[in-house]
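First up is the structure itself, then whatever we jot down about it.
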Amino acid sequence: MAQREIADILGCRVDLVTTAEAVSAIKDLIDKQQPAHIITLNAEIAYQAYYNSELKNIINSAEVVTPDGIGIVWAGRELGYKFQERVAGIDLFYRLCQEATREDWKIYLLGSAPGVAEKAASKLTAAYPGLKICGIHHGYFKDEDMPAIVQEIGKAAPHILFVALGAPKQEFWIKNYKDQLSVPVCIGVGGSLDVIAGLKQRAPDWIIKLNLEWLYRLASEPSRIQRQLVLPKFVGLILKSKHKRRI
């Protein structure tokens, strides 16, 4: 795998990759057949990691960390890094499904409420004919359920495990079970299954292009306000970090 340029965002390593480069890196990891963790990092999780060393260590030990969220791209550019684009988690999800049909990869969907992954699977197989979804399990499980779930995923032997448990819970889950699962690529996808299943709407393309998807999501889900309050704090930490670099 080619050496990638990296950025340091509040102590978190972020790869300076495009979506195409991220897909290429993931293909290399699947070819290696060794358990790997892919993280799509946004400003909210970077802010949490600033105060949570365990989360920061998980991020920094991941094989690929993409700049998911315009906040990370903005922060990187403020700090002098040359991010070319935002690599949104759901866009990477779709690209990997597209690649999976070409490469004959199997995928497994884990997470969201009961029935959601099934609806998402139906939409994905319709959009990507030939896509092999080798297993599905909802995210409403208990600790005592884990041995059976791990065994089920192991028997299904996916090339990619999409984990939709919400961040950062999904990152801790992948870190804890990655080696037991022996899946080449585990990637946390947050609420992507809800969007793919049609339970939530993604912002129109013109809003995404204006980098205002976060505002659309807030307008659609006012309950997200508490999470969004992290953003000005994140901005403050970035500006402070930028100032320190100039001294």
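The values are calculated or read from the model by the stated rules, or taken from the named source; none is laboratory data. None of these values were measured; they are calculated from a predicted model. Positions of Cβ are generated from backbone atoms using ideal geometry, with glycine treated the same way; all protein chains shown enter the neighbour counts.
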- request: Give me the pairs, please: first residue somewhere in the stretch 22-45 and without any contact (Cβ under 8 Å) to a residue 60 or more places away in the chain, second residue anywhere and part of a strand (DSSP E or B) and of a type in the set (Ser, Thr, Tyr), beta-carbon distance under 8 Å, and either six or more positions apart or on two chains.
  value: Leu41/Thr66
task: Give the number of residues within the stretch 63-85 that are within 12 Å of the chain's Cα centre (by Cα) and more than 16 Å from Ile6 (Cβ to Cβ).
output: 1
message: Against the definition (surrounded by 20 or more Cβ atoms within 10 Å (Cβ to Cβ) and in contact (Cβ under 8 Å) with a residue 12 or more places away in the chain), how does Pro114 come out, yes or no?
response: no
message: If I ask for residues that are touching a helix residue (DSSP H, G or I) at 6+ places or on another chain (Cβ under 8 Å), of a type in the set (Gly, Ala, Ser) and more than 21 Å from Pro168 (Cβ to Cβ), which ones from the stretch 54-109 would you list?
response: Gly80
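Which residues, taken from the stretch 71-91, are hydrophobic (A, V, I, L, M, F, W, C), part of a helix (DSSP H, G or I) and surrounded by 19 or more Cβ atoms within 10 Å (Cβ to Cβ)?
Of all residues in the stretch 71-91, those hydrophobic (A, V, I, L, M, F, W, C) come to 72-75, 79, 83, 87-88, 90.
Going one step further and asking which of them are part of a helix (DSSP H, G or I), we end up with 72-75, 90.
Once the filter is applied, which keeps residues that are hydrophobic (A, V, I, L, M, F, W, C), part of a helix (DSSP H, G or I) and surrounded by 19 or more Cβ atoms within 10 Å (Cβ to Cβ), the stretch 71-91 yields Ile72, Val73, Ala75.
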- request: Report, by residue number, each residue of the stretch 55-65 that is in contact with a strand residue (DSSP E or B) (Cβ under 8 Å, 6 or more places away or on another chain), surrounded by 18 or more Cβ atoms within 10 Å (Cβ to Cβ) and within 12 Å of Cys12 (Cβ to Cβ).
  value: Lys56, Ile58, Ile59, Ala62, Val65
field: One residue from Lys106, Lys32 being within 21 Å of Ala157 (Cα to Cα) and surrounded by fewer than 16 Cβ atoms within 10 Å (Cβ to Cβ)
entry: Lys32
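Where in the stretch 164-247 are there helices (runs of 4 or more DSSP H), lying wholly inside it, with at least 1 residues that are at pLDDT 80 or above and under 20 Å from the mean Cα position of the chain (by Cα)?
Ranges flagged: 169-181, 192-197, 230-246.
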- request: Determine whether the stretch 20-39 contains at least one residue that is among the polar types (S, T, N, Q) and touching a helix residue (DSSP H, G or I) at 6+ places or on another chain (Cβ under 9 Å).
  value: no
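From the list Tyr94, Tyr47, which residue is buried (at least 20 other Cβ atoms within 10 Å of the Cβ), hydroxyl-bearing (Ser, Thr, Tyr) and assigned to a helix (DSSP H, G or I)?
Tyr47
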- request: Assess whether Glu78 counts as being of a type in the set (D, E, K, R) and out of contact with any Lys or Arg (no Cβ under 8 Å at 6 or more places or on another chain).
  value: no
task: Report, by residue number, each residue of the stretch 142-160 that is touching a strand residue (DSSP E or B) at 6+ places or on another chain (Cβ under 9 Å) and outside any helix (DSSP H, G or I).
output: Ala157, Pro158, His159, Ile160
query: Are any residues in the stretch 123-140 of a type outside the set (A, V, I, L, M) and touching a residue at least 12 places away in the same chain (Cβ under 8 Å), and if so, which ones?
result: Lys123, Tyr128, Pro129, Gly130, Lys132, Cys134, Gly135, His137, His138, Gly139, Tyr140
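For (1) modelled with pLDDT of 95 or more; (2) within 14 Å of Gly191 (Cα to Cα); (3) touching a Gly at 6+ places or on another chain (Cβ under 8 Å), each residue gets a yes or a no:
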site	(1), (2), (3)
Gly111	yes, yes, yes
Ala127	yes, no, no
Leu131	yes, no, no
Gly135	yes, no, no
Met146	no, no, no
Ile149	yes, no, no
Lys155	yes, no, no
His159	yes, no, no
